Each structure stands twice: as C-alpha cells, then as structure tokens.
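A short write-up of the structure that comes next.
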Amino acid sequence: WFLLNAPAGEIQYVAKGLSFSLQCRFEVLRFLAFFLIFTFFLADLKSVLNNDDVYDEAASEAFPVYNKSHMICLEMPGRFGDVLVTSYGELQGNEYLDPKTAQVAIVDHVKQVCTEVRPATDEELPTPYVEEYRCALEAEMLKYVSEAYPKGSCSVYCINGKDVEGPGSDFELVAVISAARLSPQNFCTGSWRSIWNIECKDDIQVLELKGKLQVGAHYFEEGNVQLDAKHECRDSTMFQSPDDGAIAIASLIRHHETEYLASLEVVFNVWLISIPCAS
C-alpha cells in the first residue's frame with residue numbers, strides 16, 4: 001500500500017527509508033494506528049515489517065504495478081536508448097517492447113533498471129502495413145514531445161489488429177507520453193502522463209481518439225502540498241495516409257493537452273489568489 005501510493009519518483013525513498021516525505025509519514029501513522037504501535041512511525045518500511053521475506057514479497061508485487069502506472073523510463077544497455085515501462089509494451093515476465101528500436105528490454109522492477117536487451121521477434125511486432133501507421137505517428141509524437149516536454153518520453157504501440165495485412169480491417173494504436181521532473185533535494189517532484197487510444201476504423205474512414213491525462217505534483221519542504229489531476233477527452237479525424245493521419249492526430253493531441261494545461265494554470269492562479277497570504 002505504501003509503495004503503490006508513493007508520489008512520482010519517490011517509491012525508492014519510501015521503500016528504503018532514505019527520505020520519507022511528510023505525506024508518507026502521515027499515511028504510515030494513520031495506517032499503523034489501527035494495526036501497529038506508534039513507535040514504528042519513524043522507522044522505514046523494512047523496519048516496520050521487520051521481515052525481509054515479507055518486504056521482498058511486497059516489493060516484488062508493488063514495484064511492477066507502480067512502474068507501469070507511472071510509465072517510468074529506463075535506459076537500455078548497449079546504447080539502444082530508453083524504454084518506457086508500460087502495460088501496453090508488456091510481453092511476458094519482466095519483458096517490455098520498445099517499438100522505436102524493435103528491442104525487448106528485460107527489467108528489474110525493484111531496482112528500476114534494464115538488465116538485458118534482445119531483438120523482438122516477428123510475432124511481437126505489427127505487420128508492415130500497421131507498422132507504417134505506427135511509425136509515422138511515433139515520428140510526429142516525438143517531435144511534439146521534444147517541444148512540449150523537454151524531459152519527456154513517448155512510445156506508440158499497436159494494441160489491437162497488429163496482424164492486419166492491408167486496407168479493409170480495423171486496428172488500434174495507443175500513444176503514451178511520460179514526463180517527470182524529480183528534485184527531492186528541493187523537496188518537490190512532478191509528473192505528466194497521457195494515454196491516447198487511436199481506433200483506426202477503415203470501414204467508415206475515421207480515426208477516433210480517446211485521451212486520458214494525469215498530472216501529479218508533490219511539494220513537501222514546509223508542509224505537504226499534492227496535486228493529482230485527471231482529465232479525459234475525445235476527438236476524431238479522417239482516416240488518411242500514414243503521414244497525413246499522423247500529423248492530424250499529433251495536432252489534436254497537442255491541442256487538447258495545451259488546452260488542459262492552460263485550464264490547470266487558471267485554476268492554480270485562482271487558488272493562489274484565494275489564499276489570504278498568497279500575495
């Protein structure tokens with residue numbers, strides 16, 4: 001529970017007890033009030049459990065869920081670049097597909113490192129027809145992310161219909177964006193996650209988009225302030241050539257994310273004005 005609810009980038013601190021945030025300390029206290037005595041409050045999680053086997057079991061279950069939900073980015077050995085750890089790229093065991101390089105990363109979830117890399121098999125990749133659409137969209141998304149999220153990463157996966165050989169059948173892509181700015185030494189962390197499902201409906205020549213956006217922030221120097229904002233949206237565009245479709249999709253994603261960030265800024269400024277001592 002403690003691990004799964006750690007703010008973005010703080011799970012290692014919670015697990016190892018290196019730097020418990022104030023929020024984590026509060027949650028430990030509240031939880032232990034029912035189940036443990038208060039003297040455990042300032043101890044790290046291993047000390048609270050007082051059982052390495054129990055801790056190892058809890059960590060092995062919690063870290064994979066946390067890593068996938070936060071879509072963490074890990075460096076692959078061998079200069080292959082980075083891989084996003086997401087449920088969309090999950091294969092078997094601790095293997096995760098990186099569509100950009102057609103490589104499969106083997107991940108140690110608890111250490112949050114990529115230990116090995118192997119080439120993806122043909123069965124793990126989409127057909128050339130679907131790959132043309134996927135690759136074109138990824139190229140446009142990489143351009144957008146590099147401009148909008150300097151520390152961000154993105155990947156585009158085919159999650160349905162990867163065996164489609166040509167026109168006449170539907171398939172579905174998903175574009176994910178993950179960006180995090182972690183500065184625990186300055187008592188703050190922040191993250192952006194967005195997931196865009198794109199249903200490519202060949203029969204009616206439409207691309208339908210469904211977006212899920214999530215923003216998280218945690219400031220804990222002289223108090224504890226957290227933001228966990230979520231937003232969903234929909235849109236559509238014409239089913240076009242791979243390049244034209246990719247440009248249209250990326251433009252819609254840029255529009256919706258920019259609009260949502262602007263709305264968050266307005267809400268935040270209104271909140272600041274409402275605080276008597278804010279000025």
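Of note:
- Simple point charges give the picture: +1 on the Cβ of Lys and Arg, -1 on the Cβ of Asp and Glu, and for the stretch 71-125 a dipole about the Cα centre of about 200 debye.
- Calculated FRET value between Asn224 and Glu61, using beta carbons and R₀ = 22 Å, to 0.05: 0.25
- Between the stretch 80-97 and the stretch 229-247, the alpha-carbon center distance in angstrom: 24
- For the stretch 101-253, a crude dipole built from +1 on the beta carbon of Lys and Arg and -1 on the beta carbon of Asp and Glu, taken about the Cα centre, is about 740 debye to the nearest 20.
- Loop-resident trypsin sites (Lys or Arg not before Pro) (DSSP state other than H, G, I, E or B) in the stretch 145-247 with no more than 16 further Cβ atoms inside 10 Å of their Cβ: Lys151.
- Whole-number D in µm² s⁻¹ for the stretch 126-274, Kirkwood Cα-pair radius fed into Stokes-Einstein, 10 °C, 1.306 mPa s: 95
- Computed magnitude of the charge dipole of the stretch 160-220 (debye, nearest 20; Cβ of K, R +1, Cβ of D, E -1): 640
- Label-point gap, in nm, between Glu132 and Arg118 - each point 7 angstrom along Cα→Cβ: 3.1
- Estimated inter-spin distance, Phe80 and Ser263, nm [label 7 Å along Cα→Cβ]: 3.9
- Loop-located GluC sites (Glu not before Pro) in the stretch 125-173 (DSSP state other than H, G, I, E, B) with a sparse environment of at most 10 neighbouring Cβ atoms within 10 Å: Glu165.
- The stretch 71-125: translational diffusion in µm²/s, Stokes-Einstein, Kirkwood Rh over Cα pairs, 4 °C, 1.567 mPa s: 120
- For Thr121, the accessible area of its heavy atoms, probed at 1.4 Å with every protein chain present, is near 60 square angstrom.
- Under 20 Å from the Glu208 label point (7 Å along Cα→beta-carbon), backbone N, the stretch 150-179: 157-164, 167-176
- Of the trypsin sites (Lys or Arg not before Pro) in the stretch 64-146, the ones in a loop by DSSP (not H, G, I, E or B) with at most 12 other beta carbons within 10 Å are Arg79, Lys111.
The values are calculated or read from the model by the stated rules, or taken from the named source; none is laboratory data. Please read these numbers as outputs of a predicted model, since none were measured by experiment. When we count neighbours, we look across all protein chains shown, and the Cβ atoms used for this are built from the backbone with ideal geometry, even at glycine. Note: accessible area is taken over every heavy atom of the protein model, side chains too, but ligands, DNA and RNA are not part of it. Shrake-Rupley method; radii C 1.70, N 1.55, O 1.52, S 1.80 Å.
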